[in-house]
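I have placed the structure first, in the form of structure tokens, so that the comments after it can refer back to it.
Values quoted throughout were computed directly from the atomic coordinates according to the rules given, and no laboratory measurement underlies them. None of the values given here were measured: they were computed from a predicted structure. Don't worry about glycine lacking a Cβ; one is built from the backbone with ideal geometry, like all the others, and counts go over all protein chains shown.
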Amino acid sequence: MNPLPPLAPWQQRTFDQACSALDAGQFGHATLIVGPPRIGKRLLAETLARRVLCAAPEADGAACGRCKSCQLFASRAQMETLEIRPDGSPSHPWGHSAHPDLYFLGYEIHPRTGKPRTEIVIDQVRALSDALTLTAQLGGAQVAILDPASAVNWSAWNAVLKTLEEPQPGRFLWLLADNPARLPATIRSRCQRLELRLPPHDEALDWLCQCGHPADAAADALDATRGHPGLADAWLRDGGMALRREVLADARALEQARAEPDAVAQRWLAEGRAEERLWHLAELARSHAADLTGSPADRTLMGRFDAANRARDLLRTQVRAELAIHEALLAWRATTVKR
Ligand SMILES: [Zn+2]
């Protein structure tokens, strides 16, 4: 049996492309799997890993589901594939894979603090490199999935580079990235690229309906996410659409001086999901700015956009969250946009 959710059509296209390359012997040692957060990079990587590790893949490229490798894959304790945070990172650190030739590199638990690390460190990469020098336990391929690649710290990149410079047949290293431009150029130049793109509107809408969402709600969410079905699905499931409506209402109240920035900041903190709220705020500024490109109001809106994003960054630092949020809301109120 396949323990993974089925691929969406746009994921299937990229998967087929990878399978053709595999069959033609043109699938490289190192691959960047890129695309916006929640578009399905992780699911694609795991589905591809199942296929690469399978001892007897079907003619259509799918894993057989019966061999020892497929059985081990199915026995993996918990599939975390869809548990991805809005910033694209897994919602909890990866443990060991039940499959001996499949490795995950992500935010591991710090041995001393017991909390997830905030980056991927050199010791993790070295341990992986050591593991990849051993013979595959099932005698087939070995696959390592590094997710998210943006979490690899500077010294760990040098260790990654070393493994990229010593490719071995049957060893695959896949780096998952929302924004590959931020990865070191020396890494990018050594990787092939598999890209997941936003699908056409009708395909996205069909998929959302197949996921069980009512058509009108699905269309609204697709609109709000500017055509991103994975994000729309997440927002419909986790209250993100309702959160967005709240943020729109708060932003309007600030503009019309019906609300005070500090009161709104306190409420956002008390009610939670502050980072997501700031993201919605930034998106709101961006979508308004897109309507007004080149006009004087454009600069004001970009100022709001920057302020909201700066506050999101500050939430990850030692700065008090309330101050960070307050600053973004103040920027929203301080300027009036003539439309
Ligand atoms: Zn199999």
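Between Ala215 and Ala55, what is the spin-label point distance in nm, taking each point 7 Å from the Cα along the Cα→C-beta axis?
4.8 nm
Give me the percent relative contact order of the chain, please, defined on Cα pairs under 8 angstrom at least 6 residues apart. Mind showing how you got there, number by number?
Working: 474 pairs, mean separation 55.7, N = 339.
Worked out over the chain, it gives 16 percent.
Can you show me the helix-derived [θ] at 222 nm for the chain, built from DSSP H runs with n ≥ 4 at -39,500 (n - 2.57) apiece and divided by the number of residues, rounded to the nearest 500. Intermediate values should be presented prior to the final figure.
Values: 14 runs with 172 residues, N = 339.
Rounded to the nearest 500, it is -16000 deg cm²/dmol.
Sorted by mean Cβ packing within 10 Å, highest first, what order do the peptides 304-317, 21-34 take?
On the way: 304-317: 18.1, 21-34: 16.2.
Top to bottom by mean Cβ count within 10 Å: 304-317, 21-34.
What is the Å³ per residue value for the convex hull set by the Cα atoms of the range 98-234?
Values: hull volume 23.2 nm³, N = 137.
With only Cα atoms used, the range 98-234 gives 169 Å³ per residue.
Between Phe104 and residues 5 or more places away or on another chain, which pairs have amide H atoms under 5 Å apart, with H built 1.01 Å from N, and which residues are they?
Counting only residues 5 or more places away or on other chains, the set is Ser97, Ile145.
Suppose we look only past 26 Å in the calculated P(r) of the chain. What percent of the Cα-Cα pairs does that tail hold? Before the final figure, lay out each step's value.
Details: 31489 of 57291 pairs.
Looking at the chain, the distances longer than 26 Å represent 55 percent of pairs.
Which ³J(HN,Hα) values in Hz, rounded to whole numbers, follow from the phi angles of the range 275-286 under the Karplus curve 6.51 cos²θ - 1.76 cosθ + 1.60, where θ = phi - 60° and Gly and Pro get x?
Couplings: 5, 5, 4, 5, 4, 4, 4, 4, 5, 4, 4, 5 Hz.
By the scheme Lys and Arg +1, Asp and Glu -1, what is the net charge of all other residues having a beta-carbon under 15 Å from that of Leu183?
Values: positive: Lys41, Arg182, Arg188, Arg190, Arg193; negative: Glu119, Asp147, Asp178, Glu195.
Result for the local shell: +1.
On a 0 to 90° scale, report how tilted helix 9-23 is relative to the longest principal axis of the chain, with both axes built from alpha carbons and the result rounded to the nearest 10.
Orientation of helix 9-23: about 30 degrees from the principal axis.
Nearest 5 percent is fine: what portion of the DSSP beta bridges confined to the range 9-195 is antiparallel? Mind dumping the intermediate values first?
Details: 2 of 21 bridges.
That works out to approximately 10 percent antiparallel.
Which shape class, rounded, prolate or oblate, goes with the range 9-195 when its Cα gyration tensor gives a ≥ b ≥ c as root eigenvalues, a/c under 1.5 marks rounded, and past that a/b bigger than b/c marks prolate? Walk me through the intermediate numbers first.
On the way: a/c = 1.33, a/b = 1.27, b/c = 1.05.
Since a/c stays below 1.5, the shape of the range 9-195 is classed as rounded.
Which angle between 0 and 90 degrees, to the nearest 10, do you get for helix 41-53 versus the longest principal axis of the chain when only C-alpha atoms count?
0 degrees
Output the 0 to 90 degree angle, nearest 10, between the alpha-carbon long axis of helix 215-224 and the longest principal axis computed from the alpha carbons of the chain.
80 degrees
Output the peptides 256-268, 36-48 sorted from most to least packed, where packing is the average of other Cβ atoms within 10 Å over each peptide's residues. Could you put the intermediate results ahead of the total?
On the way: 256-268: 15.8, 36-48: 23.9.
Descending packing order for the listed peptides: 36-48, 256-268.
Can you tell me which aspartates and glutamates have their Cα less than 14 Å from the Cα of Lys68? Leave out same-chain residues fewer than eight positions away.
Hits, sequence-local ones excluded: Asp101.
Which length gain, in nm to one decimal place, applies between Thr317 and Arg182 when the Cα-Cα distance is subtracted from 0.36 nm times their residue separation?
Numbers: separation 135, 0.36 × 135 = 48.60 nm, distance 1.99 nm.
Using 0.36 nm per residue and subtracting the Cα-Cα distance, I get 46.6 nm.
As an exercise, find the ratio Rg/Rh for the range 204-339 from alpha-carbon atoms, using the Kirkwood inverse-distance average for Rh. Mind showing how you got there, number by number?
Values: Rg = 15.5 Å, Rh = 15.6 Å.
Reported Rg/Rh, Kirkwood definition of Rh: 1.00.
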